[in-house]
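Every number here is computed from the coordinates shown, using simple stated rules; none is lab data. Being a predicted model, the structure only gives us computed values, none of them experimental. Note that each Cβ is placed from the backbone with ideal geometry, even for glycine, and that neighbours are counted across all protein chains shown.
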Amino acid sequence: MSDDDDFMQDSDDENYDFEYEDDDDAEQGGDVDVENKYYNAKQMKADAPEEAIEEFLGVPGLEQEKGDWGFKGLKQAIKLEFKLGRYDKAVEHYTELLTYVKSAVTRNYSEKSINNMLDFIEKNAEDEAANECMEQFYSQTLESFQATNNERLWLATNTKLARLWLAQKDYPRLTGKVRELHKACQREDGTDDPSKGTYSMEAYALEIQMYSETRNNKRLKV
C-alpha cells in the first residue's frame with residue numbers, strides 16, 4: 001500500500017461518528033476550525049511535509065476534549081515523521097495517540113486505525129533505526145491494549161513482532177513468541193481454535209521459516 005493509498009483509505013473514516021450540532025453555533029464553529037486545519041495540513045503533506053506535521057499536531061489542541069479530529073491529526077503526523085526518519089518524535093506522538101483509544105474513539109475504529117498504522121510502519125521501515133522504532137510501536141500497542149482484552153489486535157501485533165524478530169534473526173525471542181501465539185490460538189482443552197486459524201497459520205509459517213534458516217530439519221519435519 002502506497003502512502004497515498006493509505007491516506008485515501010484514511011479518508012473513508014473522515015465522517016466516522018462525527019456530526020455537527022445544528023443548535024450550537026459556537027460548537028459548530030469550533031468543529032469547522034478543527035476540520036479546516038486538518039484538511040489544510042493534508043494539502044501540504046506532499047510538498048511541505050515538515051509544515052504539514054506542525055499543522056497536524058496543532059489539530060488536537062483545537063478540540064475541547066479528545067476526539068476524532070485530534071486522533072486523525074496525530075495519525076497523519078506520525079506517518080510523516082516516520083517517513084522523514086524522525087523516529088523519536090513518531091514514538092512520542094504514537095504514545096499520545098494511544099491515549100485516545102480508551103475513550104475518545106470507538107473500539108472498532110481504533111482497532112482498524114492502529115492496525116493500519118502498524119502496517120504502514122512495517123512496510124516503510126528501511127533501516128535498523130526504523131526497526132527499533134517499529135519494535136517500540138509494537139510494545140506500546142501490546143501494553144496499551146492488554147487491559148482492554150482486545151484479542152484480535154493482540155494477536156495481530158504479536159504476529160508482526162514475531163515477523164520483525166525473524167527478519168532480525170533473533171531466534172530465541174522468536175521461539176518464545178511463536179509458542180505464545182500457538183497457545184493463544186488454542187481452546188482451553190488444548191485443541192486448535194478454528195476462529196483463530198489465520199493467526200495459527202501465521203505462527204506455523206514463521207516457525208517453518210525459522211527452522212529452515214537454522215537448518216533444524218528435525219523440528220522442520222515435525
**OP:** Calculate the tail of P(r) for the chain: the fraction of all Cα-Cα distances greater than 21 Å, expressed in %.
**Re:** 60
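Only loop residues by DSSP count here, and only those with at most 15 other Cβ atoms within 10 Å; note down the trypsin sites (Lys or Arg not before Pro) in segment 90-151 that meet that.
Numbers: sites: K102, R107, K112, K123; in loops: K102.
Here the trypsin sites (Lys or Arg not before Pro) that fit, given the DSSP loop and packing criteria, are K102.
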Subject >> Normalised contact order of segment 35-121, rounded percent, pairs of Cα under 8 Å and 6 or more residues apart >> reply: 22
Original post:
Tilt of helix 197-213 relative to the longest C-alpha principal axis of the chain, in degrees (0 to 90, nearest 10)?
Top reply: 60
Original post:
Can you list the residues, at least 5 places off or on another chain, whose amide H is less than 5 Å from the amide H of Q186, using H built in the peptide plane?
Top reply: D193
**OP:** Compute the long axis of helix 87-98 from its Cα atoms, compare it with the longest principal axis of the Cα atoms of the chain, and write down the angle in degrees, 0 to 90, nearest 10.
**Re:** 80
Original post:
If you average the sequence gap of Cα pairs under 8 Å that are 6 or more apart and divide by the length of the chain, what percent do you get for the contact order?
Top reply: 11
Original post:
Tell me, what HN-Hα J-couplings in whole Hz come from the Karplus equation 6.51 cos²θ - 1.76 cosθ + 1.60 at θ = phi - 60° for each residue of segment 78-86, using x for Gly and Pro?
Top reply: 4, 4, 5, 4, 5, 5, 8, x, 8
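Give me I78, I208, I114 ranked fewest to most by other Cβ atoms within 10 Å of their Cβ, as a rough exposure proxy.
Values: I78 26, I208 12, I114 23.
Fewest-to-most ranking of I78, I208, I114: I208, I114, I78.
Quick one: what do you get for segment 160-222 if you divide its Cα Rg by 2.2 N^0.38 Å? Write out the running numbers ahead of the final one.
Details: Rg = 11.8 Å, N = 63, 2.2 N^0.38 = 10.6 Å.
Here the answer is 1.11, to two decimals.
To the nearest 20 debye, what charge dipole does the chain have about its Cα centre, counting +1 at the Cβ of each Lys and Arg and -1 at the Cβ of each Asp and Glu?
With Lys and Arg at +1 and Asp and Glu at -1, about 2260 debye.
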Subject >> Inter-part distance where segment 114-140 and segment 54-89 are each reduced to a Cα centre, Å >> reply: 17
Subject >> In segment 142-222, GluC sites (Glu not before Pro) in a DSSP loop with at most 14 other beta-carbon atoms within 10 Å >> reply: E188
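Taking the Cα centre as origin and putting +1 on Lys and Arg beta-carbons and -1 on Asp and Glu beta-carbons, what dipole magnitude results for segment 41-169, to the nearest 20 debye? Intermediate values should be presented prior to the final figure.
Working: 17 positive and 22 negative charges, 113 e Å.
It works out to roughly 540 debye.
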Original post:
Label V32 and H182 with points 7 Å out from Cα along Cα→Cβ: what is the distance between them in nm?
Top reply: 6.1
